[in-house]
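What follows is a single structure, written as structure tokens, with notes after it.
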Amino acid sequence: MNRVQAAGVIRAWLGGLPSDCTWERVRDGFWYVRIPGQARRWIPLELSIGSRTVTVVSHVIVEPVESQAEVYQFLLRTNFAAGRVAFAFEGAEGVICLVGRMPLAALAAGELDELVGAVVETTEKTFRSILQLGFGSLLKGSSGS
């Protein structure tokens, strides 16, 4: 499959998203998608077509301000069991991201849906734990305690 065909698969997949999802084409081969979540109000996704892969990235949360070692240990343990997706860090700010990739040759609407589903599911399962570990005292302070 080439990049043009891959873009067609992604556009078709985007067209089938529920009405509460939003998306925009940022540039050739790159889309920004927002999917509603429960643990996190919105799950932001970036879909990009590379020369050999399609990548889905979700910026989960900013770098933790406390208990960083515990957060990173939690992320590594989660990576071990996560399967198709893995946590990573991006930029000088250390934003925690969740990344999934698939070869262009494997791209089909169902496969893309499964990969995005894995990103969304892993975000939903881990977001509150990361928040509590990495920002616990800030959360306690904002609740009036």
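The values are calculated or read from the model by the stated rules, or taken from the named source; none is laboratory data. Bear in mind that the values here come from a model prediction, so they are computed numbers and not experimental data. A quick note on method: Cβ atoms are made from the backbone with ideal geometry, for glycine too, and the neighbour counts reach across all protein chains shown. Calculation scope for accessible area: heavy atoms of the full protein, side chains included, ligands and nucleic acids excluded. Shrake-Rupley method; radii C 1.70, N 1.55, O 1.52, S 1.80 Å.
Residue separation of R27 and A105 scaled by 0.36 nm, minus their Cα-Cα distance, works out to 25.9 nm of gained length. Qualifying trypsin sites (Lys or Arg not before Pro) in the stretch 86-138, where qualification requires a DSSP coil assignment and no more than 15 other C-beta atoms within 10 Å, are lacking entirely. Heavy-atom surface analysis with a 1.4 Å probe gives the stretch 45-138 a carbon and sulfur content of 55 percent of its accessible area. For the chain, the per residue solvent-accessible surface stands at 56 Å², with DNA, RNA and ligands left out and a 1.4 Å probe. For volume of the Cα convex hull per residue in Å³, the candidate list reads [x] 166; [y] 119; [z] 96; the entry that matches the value derived from this model is [y]. The residues packed around G16, meaning those with a beta-carbon under 15 Å from its beta-carbon, carry a net charge of -3 if Lys and Arg are +1 and Asp and Glu are -1. Taking the chain as a Gaussian network, Cα atoms linked when under 10 Å apart, which of V54, V95, V116 shows the biggest mean-square fluctuation? Checking each option, the largest mean-square fluctuation is seen for V95. Would you please give the FRET efficiency between D113 and A88, computed as 1/(1 + (r/R0)^6) with r the Cβ-Cβ distance and R0 = 25 Å, to the nearest 0.05? The computed FRET efficiency comes out at 0.70.
For the pair A12 and A39, what calculated FRET efficiency results from E = 1/(1 + (r/R0)^6), where r is the Cβ-Cβ distance and R0 = 25 Å, to the nearest 0.05? After rounding, the FRET efficiency stands at 0.30. Here the Karplus relation 6.51 cos²θ - 1.76 cosθ + 1.60, evaluated at θ = phi - 60°, turns the backbone of the stretch 119-132 into coupling constants of 5, 5, 4, 5, 4, 4, 6, 10, 4, 5, 5, 4, 4, 5 Hz, with x for every Gly and Pro.
If you take the Cα centroid of the stretch 86-107 and the Cα centroid of the stretch 36-73, the two points sit 7 Å apart.
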